[in-house]
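Heads up: the structure comes next, in structure tokens.
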Amino acid sequence: AEDDDETPDPEADEDTIDEMTAFIAFLAPPPRTRVDPALEDRGEVIFDETGCGDCHVPTLQTADGVGIRAYSDLLLHDVAEPGALGIEEGSAGIHDFRTPPLWGLGRTAPYLHDGRASTIEEAIAMHAAEGSGARDRVGALSATDREALLAFLRSL
């Protein structure tokens, strides 16, 4: 976009943009924030038992065998309500969304692709279609198990 200064746009040259892109690409994921390890460890088991880890895969393996704790498969999944609006792009339909990595989850509100969930609980409740089974299993948890799950998610 043009602005009112004397410098021709774009103001950053190609090398600067490449350097900024490399800097962002090589940032490490945020560290976990452990507050209650026993509760969070129980929550991680519940995360797996409820099926959250089917899409939010705990560890991705790189080609050279390095495990990255991303909690994502980085794939597209249909997780929207049937009447929801979305954008079709390439092979992604209007209800398809890339599973986001969950690292830093406790510090990245609001949630979902459009920010309409202000809490982790709301984001879970808004999963539909492919995510509805995990959503329903989370909804059926006891208060104690739900708190353990949320403690785990906030620790990421």
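Taking the residues in segment 55-71 that are touching a strand residue (DSSP E or B) at 6+ places or on another chain (Cβ under 8 Å) and β-branched (Val, Ile, Thr) as candidates, determine which candidate is most open to solvent (accessible area, probe 1.4 Å).
Here the residue is Ile68.
Considering only residues of segment 98-122 that are hydrophobic (A, V, I, L, M, F, W, C) and within 17 Å of Ala84 (Cβ to Cβ), which is surrounded by the fewest Cβ atoms within 10 Å (Cβ to Cβ)? Outline the logic, then answer.
Filtering segment 98-122 down to residues hydrophobic (A, V, I, L, M, F, W, C) leaves 102-103, 105, 109, 112, 117, 120.
Cutting the leftovers down to within 17 Å of Ala84 (Cβ to Cβ) gives us 112, 117.
Details: Leu112: 16, Ala117: 18.
So the residue we want is Leu112.
Just one of (1) small (Gly, Ala, Ser); (2) part of a loop (DSSP other than H, G, I, E, B); (3) touching a residue at least 12 places away in the same chain (Cβ under 8 Å) trips up Ala148, so point out which.
(2)
Looking at segment 50-65, I want the residues that are closer than 19 Å to Glu130 by Cβ and polar (S, T, N, Q) and have a partner that is part of a loop (DSSP other than H, G, I, E, B) and open to solvent by less than 50 Å² (accessible area, probe 1.4 Å) with Cβ atoms under 9 Å, at least 6 apart or on another chain. Which pairs are those?
Once the first residue is closer than 19 Å to Glu130 by Cβ and polar (S, T, N, Q) and sits in segment 50-65, its partners that are part of a loop (DSSP other than H, G, I, E, B) and open to solvent by less than 50 Å² (accessible area, probe 1.4 Å) give Thr50/Leu141.
For Asp48, state whether it is part of a helix (DSSP H, G or I) and surrounded by 11 or more Cβ atoms within 10 Å (Cβ to Cβ). Write out each step before concluding.
Values: part of a helix (DSSP H, G or I): yes; surrounded by 11 or more Cβ atoms within 10 Å (Cβ to Cβ): yes.
When the stated conditions are applied, Asp48 passes them.
Pairs, please: C-beta under 7 Å, at least 6 apart or cross-chain, first residue open to solvent by 80 Å² or more (accessible area, probe 1.4 Å) and in segment 21-36, second modelled with pLDDT of 90 or more and not in a helix (DSSP H, G or I)?
Arg32/Leu156
From the list Ala70, Ala125, which residue is of a type in the set (A, V, I, L, M), within 27 Å of Pro31 (Cβ to Cβ) and modelled with pLDDT of 90 or more?
Ala70
Given (1) free of Cβ contacts under 8 Å to residues at least 12 places away in the same chain; (2) in contact with a strand residue (DSSP E or B) (Cβ under 9 Å, 6 or more places away or on another chain); (3) of a type in the set (A, V, I, L, M, F, W, C), where does Ala92 come up short, assuming only one miss?
That leaves (1) as the condition not met.
The values are calculated or read from the model by the stated rules, or taken from the named source; none is laboratory data. Just so it is clear, the model here is predicted, and its values are computed rather than measured. Neighbour counts are summed over all protein chains in view; Cβ atoms, including those assigned to glycine, are modelled from backbone coordinates with ideal geometry. Just the protein is used for accessible areas: all its heavy atoms, side chains included, with ligands, DNA and RNA removed. Shrake-Rupley method; radii C 1.70, N 1.55, O 1.52, S 1.80 Å.
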